[in-house]
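What follows is one structure encoded as structure tokens, with my remarks underneath.
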Amino acid sequence: MYVCNCNGLRQRDVALAIEAGAVRPREVFERHQCAPQCAKCVCEMRDMIQQSRDAFAMAAE
């Protein structure tokens, strides 16, 4: 499923960037050498980043 239609970023692309250390949507774009266009995807990226943080926090407990 696409997260960013403008740049063709899929969920797995965003997830890989998060696993590589991206903690902001800007860093996801930088990792894939692109830039936000319409920014409709930023909220979904933030949600994915937060879910990753939450999962990591639960695993650490």
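When 1/r is averaged over all different Cα pairs and the result inverted, which Kirkwood radius in Å belongs to segment 12-61? Present the calculation step by step, with values, prior to reporting the outcome.
On the way: mean 1/r = 0.0899 Å⁻¹.
The Cα-based Kirkwood calculation yields 11.1 Å.
Could you tell me which Cys residues in the chain have no other cysteine's Cβ under 4.7 Å from their own Cβ, answering none if every one has a partner?
Taking the Cβ cut-off of 4.7 Å, the unpaired cysteines of the chain are CYS6, CYS34, CYS38, CYS43.
In deg cm²/dmol and to the nearest 500, what is the mean residue ellipticity at 222 nm of the chain if only DSSP H runs of at least 4 residues count, each as -39500 (n - 2.57), divided by the residue total? Don't skip to the answer; put the middle values down first.
Values: 3 runs with 35 residues, N = 61.
Per the formula, -17500 deg cm²/dmol.
Express the carbon and sulfur contribution to the solvent-accessible surface of the chain as a percent, rounded to the nearest whole number, probe 1.4 angstrom.
Values: 2160 of 4430 Å².
That fraction is 49 percent.
What do you get for the angle between helix 42-60 and the principal long axis of the chain? Use alpha-carbon atoms, 0 to 90 degrees, nearest ten.
20
Tell me which residues come under 5 Å, amide H to amide H, from LEU9 once H is placed; ignore anything under 5 positions away on its chain.
Hits under the 5 Å cutoff: VAL3, CYS4.
Karplus couplings for segment 15-23 from phi (6.51 cos²θ - 1.76 cosθ + 1.60, θ = phi - 60°), rounded to Hz, Gly and Pro as x?
With the stated coefficients, segment 15-23 comes to 4, 5, 5, 5, 4, 7, x, 5, 10 Hz.
Identify the trypsin sites (Lys or Arg not before Pro) of segment 7-48 meeting these criteria: DSSP loop state and at most 12 other C-beta atoms within 10 Å of the C-beta.
Working: sites: ARG10, ARG12, ARG26, ARG31, LYS40, ARG46; in loops: LYS40.
Taking segment 7-48 and a limit of 12 other Cβ atoms within 10 Å, the loop trypsin sites (Lys or Arg not before Pro) found are LYS40.
Using a probe radius of 1.4 Å on heavy atoms only, what accessible surface per residue do you get for segment 13-61? Whole Å² is fine.
Details: 3540 Å² over 49 residues.
Per residue, segment 13-61 has 72 Å² of solvent-accessible surface.
Which of the chymotrypsin sites (Phe, Trp or Tyr not before Pro) found in the chain are loop residues per DSSP with 12 or fewer other Cβ atoms within 10 Å of their Cβ? Numbers along the way, then the final one.
Details: sites: TYR2, PHE29, PHE56; in loops: none.
Loop-located and lightly packed - none at all.
The values are calculated or read from the model by the stated rules, or taken from the named source; none is laboratory data. Computed from a predicted model, the values in this text were never measured in an experiment. Neighbour counts are summed over all protein chains in view; Cβ atoms, including those assigned to glycine, are modelled from backbone coordinates with ideal geometry. The accessibility values were calculated without ligands, DNA or RNA, using every heavy atom of the protein model including side chains. Shrake-Rupley method; radii C 1.70, N 1.55, O 1.52, S 1.80 Å.
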